[in-house]
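K.L.:
If you scroll down you'll find the structure; I have some questions about it.
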Amino acid sequence: MDTLIGEEPLSIGCQGPSGKREVITTTLRTPGDDFALATGLVITEGFFSPNEISGAKYCVPREQQQEYNAVTLLVLRELGETVPTLRTSSCGWCGTVDLEDRSKVQKASAGEMVFKASEIHHLAKELTRRQRGLSDTGAAHAALICLRDGGMFIGEDVGRHNALDKAVGKAFAAGSDTADSAVVLSGRAGVDLVAKSARAGAALIAAVSAPTSLAVKYATEAGICLVGFLREERFNVYSRFDAIDLEA
């Protein structure tokens with residue numbers, strides 16, 4: 001009998017000092033790590049910084065609403081402006097009206113960092129080793145964020161952007177510093193994931209599949225090393241070629 005991956009809507013809102021809950025978005029996600037998903041999403045979308053988030057809770061259910069399909073983040077200021085209220089599990093920016101703002105380049109902090117080729121191959125192995133959802137269901141995306149101190153956090157979800165948000169949210173929940181980190185993606189590297197990774201402080205993004213043309217443009221302008229077609233024995237480099245030490 002097949003094991004099917006879960007997919008349910010999650011309403012993500014924030015509650016500032018006024019006590020009013022404002023809906024940020026609704027996303028289709030795989031249930032689990034919901035607080036990490038909500039935290040990672042508001043950070044990687046640039047709504048709040050980590051030090052502005054004081055907690056998270058599930059909402060009290062209303063009629064026809066499941067108790068664990070609505071999360072509220074407790075934040076230290078009001079949201080201030082409206083944001084798109086619909087997301088899907090398939091793509092990160094579809095239906096949004098602020099594509100120009102979302103695609104503004106955030107410069108990486110580690111312009112001189114160099115990554116050993118052996119380190120990047122090791123990341124491919126770690127992603128494979130830690131990705132449970134794919135082997136169980138054949139339908140899960142994964143994202144692995146690797147810190148400069150060696151710590152690693154993985155997120156898995158039916159949506160590739162949700163997987164990255166979960167990984168980032170877990171890292172911040174643990175009090176970790178994600179500056180100059182490496183992000184490993186189980187699928188393609190679209191510009192939405194590159195931008196999210198940049199906001200999390202990534203200096204390297206390595207994708208199992210190919211990048212898009214806009215992703216390469218963004219990574220180049222941001223000073224991020226972008227790697228595609230990542231395997232345990234090979235990879236292609238699309239930006240910051242000087243950041244790879246092929247001899248090591």
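K.L.:
Please tell me if Ala171 is over 17 Å from Glu45 (Cβ atoms), in contact with an Asp or Glu (Cβ under 9 Å, 6 or more places away or on another chain) and modelled with pLDDT of 95 or more.
P.N.:
Details: over 17 Å from Glu45 (Cβ atoms): no; in contact with an Asp or Glu (Cβ under 9 Å, 6 or more places away or on another chain): yes; modelled with pLDDT of 95 or more: yes.
In short, no.
K.L.:
May I pose another question? Please enumerate the residues belonging to region 188-197 that are of a type in the set (A, V, I, L, M) and surrounded by fewer than 24 Cβ atoms within 10 Å (Cβ to Cβ). Steps first, please.
P.N.:
Taking region 188-197 as the starting set, the residues that turn out to be of a type in the set (A, V, I, L, M) are 189, 191, 193-195.
Val191, the sole residue that qualifies.
K.L.:
In region 6-41, what residues are among the β-branched types (Val, Ile, Thr), buried (at least 19 other Cβ atoms within 10 Å of the Cβ) and not in a helix (DSSP H, G or I)? Spell out how you get there, then give the answer.
P.N.:
First pass over region 6-41, keeping only residues among the β-branched types (Val, Ile, Thr): 12, 23-27, 30, 39.
With buried (at least 19 other Cβ atoms within 10 Å of the Cβ) added as a condition, the list becomes 12, 24-25, 27, 30, 39.
Passing the criteria: Ile12, Ile24, Thr25, Thr27, Thr30.
K.L.:
While we're on this one: In region 168-187, which residues are buried (at least 18 other Cβ atoms within 10 Å of the Cβ), in contact (Cβ under 8 Å) with a residue 60 or more places away in the chain and within 15 Å of Leu204 (Cα to Cα)?
P.N.:
Selection gives Val168, Ala182, Val184.
K.L.:
Take the residues of region 120-159 that are charged (D, E, K, R) and in contact (Cβ under 8 Å) with a residue 60 or more places away in the chain: which is surrounded by the most Cβ atoms within 10 Å (Cβ to Cβ)? Full working, then the answer.
P.N.:
Going residue by residue through region 120-159, those that are charged (D, E, K, R) are 125-126, 129-130, 132, 136, 148-149, 156-157.
Of the ones still in play, those that are also in contact (Cβ under 8 Å) with a residue 60 or more places away in the chain are 125, 136, 156-157.
Values: Lys125: 11, Asp136: 14, Glu156: 25, Asp157: 29.
Selected residue: Asp157.
K.L.:
Let me ask something additional. Looking at Ala206, is it under 16 Å from Leu123 (Cβ atoms) and assigned by TED's automatic domain parsing to the domain that holds Lys166?
P.N.:
Yes; evaluated as a whole, the condition is true for this residue.
K.L.:
Just checking, which of Ser54, Ser49, Ser90 is surrounded by fewer than 19 Cβ atoms within 10 Å (Cβ to Cβ), modelled with pLDDT of 95 or more and polar (S, T, N, Q)?
P.N.:
Details: Ser49 fails: modelled with pLDDT of 95 or more; Ser90 fails: modelled with pLDDT of 95 or more.
None of the other options fit; the residue is Ser54.
K.L.:
On to the next question. Are there any strands (runs of 3 or more DSSP E) wholly within region 181-248 with 3 or more residues that are on the phi < 0 side of the Ramachandran plot and within 14 Å of the chain's Cα centre (by Cα), and if so which? Before you say what the answer is, go through the steps one by one.
P.N.:
Values: elements: 181-185, 202-207, 225-228, 236-239.
Of the strands (runs of 3 or more DSSP E) lying wholly inside region 181-248, those with at least 3 residues that are on the phi < 0 side of the Ramachandran plot and within 14 Å of the chain's Cα centre (by Cα) span 181-185, 202-207.
Quick grid of which residues meet (1) more than 13 Å from Leu164 (Cβ to Cβ); (2) out of contact with any Gly (no Cβ under 9 Å at 6 or more places or on another chain):
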{"position": "Arg199", "(1), (2)": "no, no"}
{"position": "Ala203", "(1), (2)": "yes, no"}
{"position": "Ala207", "(1), (2)": "no, no"}
{"position": "Thr212", "(1), (2)": "yes, no"}
{"position": "Tyr218", "(1), (2)": "yes, yes"}
{"position": "Cys225", "(1), (2)": "yes, yes"}
{"position": "Glu233", "(1), (2)": "yes, yes"}
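K.L.:
Further question: Kindly establish whether Glu81 is modelled with pLDDT under 95, acidic (Asp, Glu) and closer than 13 Å to Gly169 by Cα.
P.N.:
On the way: modelled with pLDDT under 95: yes; acidic (Asp, Glu): yes; closer than 13 Å to Gly169 by Cα: no.
For Glu81, the condition - modelled with pLDDT under 95, acidic (Asp, Glu) and closer than 13 Å to Gly169 by Cα - is not met.
K.L.:
Does region 130-157 hold any residues that are under 17 Å from Asp34 (Cβ atoms) and assigned to a loop (DSSP other than H, G, I, E, B), and which are they?
P.N.:
Ala140
The values are calculated or read from the model by the stated rules, or taken from the named source; none is laboratory data. Model, not experiment: these values are computed from the prediction. Methodologically, a virtual Cβ is constructed for each residue, glycine included, from the backbone with ideal geometry; neighbour enumeration extends over all protein chains shown.
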